[in-house]
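The values are calculated or read from the model by the stated rules, or taken from the named source; none is laboratory data. Small disclaimer: the values here were computed from a predicted structure and weren't measured. FYI the Cβ positions are ideal-geometry reconstructions off the backbone, even for glycines, and counts take in every protein chain you see.
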Amino acid sequence: MLETHPTVSRLLTAPAGTPRHRNQDELVGLAQQVRLLGRGGAGFPVATKLAAMPRGRAVQVLVNGSESEPASQKDRTLMRQAPHLVLDGALLVARALDTRHVTVLVHDPGATDALTRAVRERSDASRVRVVAHAGGFVSGEVRAAIRLVDGAPAVPPGRRVLPHESGVGGAPTFASNVETFAQLALLSSLGADGYAAIGSAAEPGTTLLTLVGDVSGPGVVEVPTGLPLAALLPGQDTDPRPVLIGGYHGSWVSDIRDLRVERPGLREAGLPLNAGVVARLSNDTCALAEVVAVSTWLAGQSAGQCGPCFFGLPAVARDAYALLHGRPSTADLDRRVAQLPGRGACAHPDGAAMFIRTALTTMTAEVEEHRRHGTCGRPWLQELPTGPAPAVRSAS
């Protein structure tokens, strides 16, 4: 069940099923007025992406619901509980671009069922197709998602061609994250002023987050942008602990006192919100074992098509596992991690490197305990989900 912040609940209560028609210029203008940013990994300005799209019957609209990171639940929750709002946003964009070609790519079986039922319930969705898949983490990258829809291997291609130039079936494609389409539907319904009535000036409105671990309430929350991050992490002022912002391609940070749930501000601080995962570990689990488990999972998500993923990530995971038991120095691991960014066919090695590097720099006391003694004495409680059990079994 979707939990919401006490002060806001809009995405699940918005009227859905009959989206108001907006032409492309109107939709671009609305997105510009509220400075709407994509709710996937990149946080790209929606207005810029929409304005770059041509119009016509060949154009494609792709709703990317490939939420395959175990820590993230917001998109599958939205698709399960408000599928019509997601479809409203997709059809709104399709009409604005004078096309009827809409594809929803889904990773979660429950979300697939909900969207399939919603399509059957509508008279305006006869050309919408729901494509289910069981691909890995990198299959959610937009170019990999396009290849998957086209029946090709779900791996990012080497050429960095933007979807609005060549996407599904080689046609110009407007592709975005599930929540982005729901936010567009809400924006069209409320208008710019109504949409911006809550939230921050830099990024008006609300956003969905998945809270993981020792937080105010684990699960999915809808919060107004600009909310102090500390409001979601009670006791952080008296018991400061590293906080993960942005999920398994995100960053660990020690001091959150000046941080707010707002993409522009977080980006300035070098902390991309990505798909909206915020995690804090309890004092009862071995933090390094949690990091090692995720590192092992990330290594297993390689598409196997470039060196930094195929060789680099497993090597980093092995070094991290050895550090857990006190064997190498952190310098060995640091050196390998530094070799990952900027060399892959997609951002997977970059994101994995950020996750591991910032963990090592914010968990120095924990790392030192393991370096000296081979254990911290705490068990591994699997507070950071990784799906199937990884190679790491215990901190002891």
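Only a single item in (1) more than 18 Å from Gly213 (Cα to Cα); (2) touching a strand residue (DSSP E or B) at 6+ places or on another chain (Cβ under 6 Å) is not met by Val277, and it is number (1).
Screening the candidates Thr48, Thr77, Thr13 for the property of being more than 20 Å from Arg263 (Cα to Cα) and surrounded by fewer than 22 Cβ atoms within 10 Å (Cβ to Cβ) yields one hit, Thr13.
Leu187 meets each of the listed conditions (1) touching a residue at least 24 places away in the same chain (Cβ under 8 Å); (2) hydrophobic (A, V, I, L, M, F, W, C); (3) loosely packed, with under 15 Cβ neighbours inside 10 Å; (4) within 30 Å of Glu26 (Cα to Cα) apart from (3). Among the residues of the stretch 175-228, those that are part of a loop (DSSP other than H, G, I, E, B) and among the β-branched types (Val, Ile, Thr) comprise Ile198, Val215, Thr225. Residues in the stretch 209-222: is at least one more than 17 Å from Glu383 (Cβ to Cβ), of a type in the set (Gly, Ala, Ser), without any contact (Cβ under 8 Å) to a residue 60 or more places away in the chain and in contact with a helix residue (DSSP H, G or I) (Cβ under 9 Å, 6 or more places away or on another chain)? No: zero hits. A count restricted to the stretch 30-52 and to residues that are touching a residue at least 60 places away in the same chain (Cβ under 8 Å) and on the phi < 0 side of the Ramachandran plot stands at 14. Reported count of residues in the stretch 138-163, each being surrounded by 18 or more Cβ atoms within 10 Å (Cβ to Cβ) and in contact with a helix residue (DSSP H, G or I) (Cβ under 7 Å, 6 or more places away or on another chain), is 11. Here Gly199 fulfils each of the conditions (1) touching a Gly at 6+ places or on another chain (Cβ under 8 Å); (2) closer than 25 Å to Leu360 by Cα; (3) surrounded by 16 or more Cβ atoms within 10 Å (Cβ to Cβ) apart from (2). Here Arg35 fits the description: within 30 Å of Val212 (Cβ to Cβ), surrounded by fewer than 22 Cβ atoms within 10 Å (Cβ to Cβ) and of a type outside the set (Ser, Thr, Tyr).
With the condition kept exactly as written, say whether any residue in the stretch 40-51 is of a type in the set (A, V, I, L, M, F, W, C), more than 28 Å from Gly250 (Cα to Cα) and touching a strand residue (DSSP E or B) at 6+ places or on another chain (Cβ under 7 Å). Within the stretch 40-51, not a single residue is of a type in the set (A, V, I, L, M, F, W, C), more than 28 Å from Gly250 (Cα to Cα) and touching a strand residue (DSSP E or B) at 6+ places or on another chain (Cβ under 7 Å).
Of all residues in the stretch 80-89, one or more are within 17 Å of Gly140 (Cβ to Cβ) and surrounded by 24 or more Cβ atoms within 10 Å (Cβ to Cβ). Residues of the stretch 92-138 that are touching a Ser or Thr at 6+ places or on another chain (Cβ under 8 Å), closer than 30 Å to Gln301 by Cβ and of a type outside the set (Val, Ile, Thr): Leu105, His107, Arg129, Ala132, His133, Gly135, Gly136, Phe137.
Could you tell me whether any residue of the stretch 90-109 is under 17 Å from Leu208 (Cα atoms) and either out of contact with any Asp or Glu (no Cβ under 6 Å at 6 or more places or on another chain) or surrounded by 23 or more Cβ atoms within 10 Å (Cβ to Cβ) (or both)? No, there is no match, as no residue in the stretch 90-109 is under 17 Å from Leu208 (Cα atoms) and either out of contact with any Asp or Glu (no Cβ under 6 Å at 6 or more places or on another chain) or surrounded by 23 or more Cβ atoms within 10 Å (Cβ to Cβ) (or both). In the stretch 59-66, is there at least one residue being within 25 Å of Gly217 (Cβ to Cβ), surrounded by 19 or more Cβ atoms within 10 Å (Cβ to Cβ) and in the same structural domain as Phe137 (by TED's automatic domain parsing)? Yes.
Applying a threshold of 8 Å to beta carbon distances and a minimum spacing of six or more residues, or different chains, the list of pairs starting in the stretch 225-250 at a residue that is more than 26 Å from Ala347 (Cα to Cα) and ending at one that is basic (Lys, Arg) and assigned to a loop (DSSP other than H, G, I, E, B) reads Ala230/Arg257; Asp237/Arg257.
Among the residues making up the stretch 33-47, those that are in a helix (DSSP H, G or I) and closer than 15 Å to Phe181 by Cα are Val46, Ala47. The numbered conditions (1) crowded, with 16+ Cβ neighbours inside 10 Å; (2) farther than 18 Å from Asp284 by Cβ are all true for Met363 except (2).
With a requirement of 1 or more residues that are free of Cβ contacts under 8 Å to residues at least 12 places away in the same chain and over 28 Å from Glu383 (Cα atoms), the helices (runs of 4 or more DSSP H) lying completely within the stretch 53-166 that satisfy it span 109-121, 142-149.
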